[in-house]
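A.B. asks: Just passing along the structure, written as structure tokens.
The values are calculated or read from the model by the stated rules, or taken from the named source; none is laboratory data. Since this is a predicted model, take the numbers as computed values, not measurements. Note that we place each Cβ from the backbone using ideal geometry, even for glycine, and neighbour counts take in every protein chain shown.
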Amino acid sequence: MRRIHMAGVTVVCILLGWVLNVHASAIMYTNRSAWQADVLGVGYNSTSIDFEQTTVSSNHLSVTAGEVTFSSLFLPLEVTSYYGIPYNAGNVLYPTHNQPLQIELPSNVYAFGFDLGELEPLLGFDSTATLSNVILSTGDVFAGPYGGTIFPTFAFFGFFSDLSITSLSMSPHALVEPILDNFTYAQAAIPSPEPSSLLLLSSGLFGLVANVWRNRRRQEG
């Protein structure tokens, strides 16, 4: 009986390990409506940042908007309405000289998205902003480059993961230089399962194993 009990516990541990460690890759979207429908469809709450209320660090290497921090390693970030004029956008985030961005997110974020544009291109050039090297804290990587839309129309890029995203880095790029606006993130409205829930799950799994064993003994008898 002890051997059967230990076998049942082993099966439970294996199944729990599978439940806790299974992870599907994050998904990238280029349509805001589709991204928003999927995010809201699972009950997440979304928060949008339009860069109208921001705090810029004294060295201009980081910008905090709400609970999100955008930062650069070496070159300044700017929040300005001047480059948003062609888009009728108000303030936009301008990472100077096509520099990579690091972004810190609040807790329980499972999705985020933003609009990507560019400064007014040189006369005679129909250039588009691109996005590449998106690396999520979940380990998901989107190398790109992914093309945007012709000036002055924003392109949308959104991401959705089954794991919480705490931070990310990415490289927006444009022939002149890129701008970002309408950064939106989605947080889970339902908390993660409590340890008591996992204990209940393990009890149920063990009960299933024991029931199978009892049925097998009856058939053998």
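A.B. asks: Which residue out of THR149, THR166 is at pLDDT 95 or above and among the hydroxyl-bearing types (Ser, Thr, Tyr)?
C.D. replies: Numbers: THR149 fails: at pLDDT 95 or above.
Only one candidate passes the filter, namely THR166.
A.B. asks: Within the set of pairs 6 or more residues apart or between chains, which connect a residue that is at positive phi inside region 76-96 to a residue that is not β-branched (Val, Ile, Thr) with Cβ atoms less than 7 Å apart?
C.D. replies: If the second residue must be not β-branched (Val, Ile, Thr), the pairs left are GLY90/ASP50; GLY90/GLU52; GLY90/SER81; GLY90/GLY84.
A.B. asks: Which condition number does GLY139 fail, the rest of (1) closer than 16 Å to SER25 by Cα; (2) surrounded by 16 or more Cβ atoms within 10 Å (Cβ to Cβ) being met?
C.D. replies: Among (1) closer than 16 Å to SER25 by Cα; (2) surrounded by 16 or more Cβ atoms within 10 Å (Cβ to Cβ), the lone unmet condition for GLY139 is (2).
A.B. asks: Quick test for you: out of SER192, SER171, pick the one residue that is crowded, with 17+ Cβ neighbours inside 10 Å and either under 20 Å from the mean Cα position of the chain (by Cα) or at pLDDT below 70 (or both).
C.D. replies: Step by step, each of SER192, SER171 is checked, and only SER171 is crowded, with 17+ Cβ neighbours inside 10 Å and either under 20 Å from the mean Cα position of the chain (by Cα) or at pLDDT below 70 (or both).
A.B. asks: Of everything in region 150-167, what is more than 21 Å from SER33 (Cβ to Cβ) and among the hydroxyl-bearing types (Ser, Thr, Tyr)? Give them in sequence order.
C.D. replies: SER164, THR166, SER167
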